[in-house]
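The values are calculated or read from the model by the stated rules, or taken from the named source; none is laboratory data. All figures in this text were calculated on a predicted structure; none of them were measured in a lab. Counting neighbours? That spans all protein chains shown, and the Cβs are built from the backbone with ideal geometry, glycine included. Accessible surface is based on the protein model in full, side chains and every heavy atom, while ligands, DNA and RNA are left aside. Shrake-Rupley method; radii C 1.70, N 1.55, O 1.52, S 1.80 Å.
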Amino acid sequence: MPSPYDSRSPDPGDLTVPYSDEGPHPAPVVGKADASLIHNAADMGRSSTYQDLEYQDPPKEDPNVVSEKAAPFRGLLGTGRYPIEQRIEDKKRGIGRQKHPFVVYALTIAMVGVFINELVVNARAQGTPVSFKPVVNPMLGPSGSALINLGARFPPCMKSVTGLPSSTLMPCLNDTANPPDSVCTIEEVCGFGGFHGEAPDQWFRFITPIFLHAGFIHIILNMLAQLILSAQIEREMGSAGFFITYFSAGIFGNVLGGNFSLVGAPSVGASGAIFGTIAVTWVDLFAHWKYHYRPGRKLAWMTVELLFGIALGYVPYVDNFAHLGGLCMGLLVGTTLYPVVSPTKRHKGIMWAFRITAIPLAVVLFVTLIRNFYTSDPYAACSGCRYLSCIPTSSNNHCQGTGQCALHPRGPY
């Protein structure tokens, strides 16, 4: 039987024989295909993506970049939830905190429902849903008396007004004549159970006008702005912050209007609240100027939109003070609650300085103006302010006094 080991192959058990790899070996032949296989085998199990993340040199820290840590109180402000780089990229792409503006949808449905009720009330009183007599409502909606009865902001329903006591006569809801032949007292038109022999105290009229609209033109314009501009703000800042901003702006707009607008002119509309959300877009623009596409052009368009909204404030039943008050409160609350991306410590410090200032200023404005509405004569502080929301005509007594002309009813009353 031949040995498995011949003279050319040393005995593996013989330790005296040194190992040698010398000897005749076949020369390796490596072609292009083999080279490719060798290269692929060397890279087997390696992912270029993870390779880059795992082995690249750590980035140098920028002392100016803010490293945010998650904290419970930052949930409402929208900060610290994601890495700053991701938030910057989301801002550039217009991605907000949520996909659907649920509050805007709910408000829009509620306001459309309320407007339908307005038309029904006016149709029952005058025979038509839109008031054409004694004067045409330029917004194509109910009469002024119907709007007051449904909850418009009307100071004589909210407090004792010099020159307009609750026994003052004014057109009833069913009046279609000029001069009016169907008159009621202010207390009767104000409705909601009357005043029970006491001073008017319908404070809720700071809130209810937000849901009322003067006509088809008014509600169409407001709902378009609400579903386009306000909806995007809710997506970006979240429903909780949006809800607070929307109603604080809307209520403060009515508080400011109650102080300085003509006390004899009713006012309705969600315009003040919508202006508050528009103010948040200004906060967003200036806080994230370098992240916006063509910010200068965007600023120009926003200015045009603002001037158009102010021009609408001169239309009957719409109030510029509600617009300006909503804009002011929207800036203060929006600065506080809008999720601003602060890439540097300096930017973050500036934003927190604005927030710390805005919160007490908003509270002071609310308290001061509500107190002034009930205890002082607003016109004494600014007699010319009324012209910011009133074009002098014979129908408003040329913006003098209460803005309501004296009634000359037919027949004895």
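Of note:
- Thr303 open to solvent by less than 80 Å² (accessible area, probe 1.4 Å), among the hydroxyl-bearing types (Ser, Thr, Tyr) and touching a Lys or Arg at 6+ places or on another chain (Cβ under 8 Å): no
- For region 264-286, the set of residues classified as surrounded by fewer than 24 Cβ atoms within 10 Å (Cβ to Cβ) and more than 17 Å from the chain's Cα centre (by Cα) consists of Gly264 only.
- For region 228-250, the criterion of being modelled with pLDDT under 90, open to solvent by less than 20 Å² (accessible area, probe 1.4 Å) and hydroxyl-bearing (Ser, Thr, Tyr) is satisfied by no residue at all.
- Test for Pro138: is it in contact with a helix residue (DSSP H, G or I) (Cβ under 6 Å, 6 or more places away or on another chain) and either on the phi < 0 side of the Ramachandran plot or not charged (D, E, K, R) (or both): no
- Among the residues here, Pro339 does not qualify as over 22 Å from Thr277 (Cβ atoms), surrounded by 17 or more Cβ atoms within 10 Å (Cβ to Cβ) and not polar (S, T, N, Q).
- Residue check for Trp289: aromatic (Phe, Trp, Tyr), open to solvent by 80 Å² or more (accessible area, probe 1.4 Å), at pLDDT below 90 and out of contact with any Ser or Thr (no Cβ under 6 Å at 6 or more places or on another chain): yes
- Qualifying residue in region 128-149 (condition: among the charged types (D, E, K, R), touching an Asp or Glu at 6+ places or on another chain (Cβ under 8 Å) and open to solvent by 20 Å² or more (accessible area, probe 1.4 Å)): no
- The criterion of at least 3 residues that are over 20 Å from Ser143 (Cα atoms), touching a helix residue (DSSP H, G or I) at 6+ places or on another chain (Cβ under 8 Å) and without any contact (Cβ under 8 Å) to a residue 60 or more places away in the chain is met, among helices (runs of 4 or more DSSP H) falling completely within region 208-325, by 271-287, 295-312.
- Unique match (being open to solvent by 40 Å² or more (accessible area, probe 1.4 Å) and among the small types (Gly, Ala, Ser)) among Ala214, Ala225, Ala199, Ala177: Ala199
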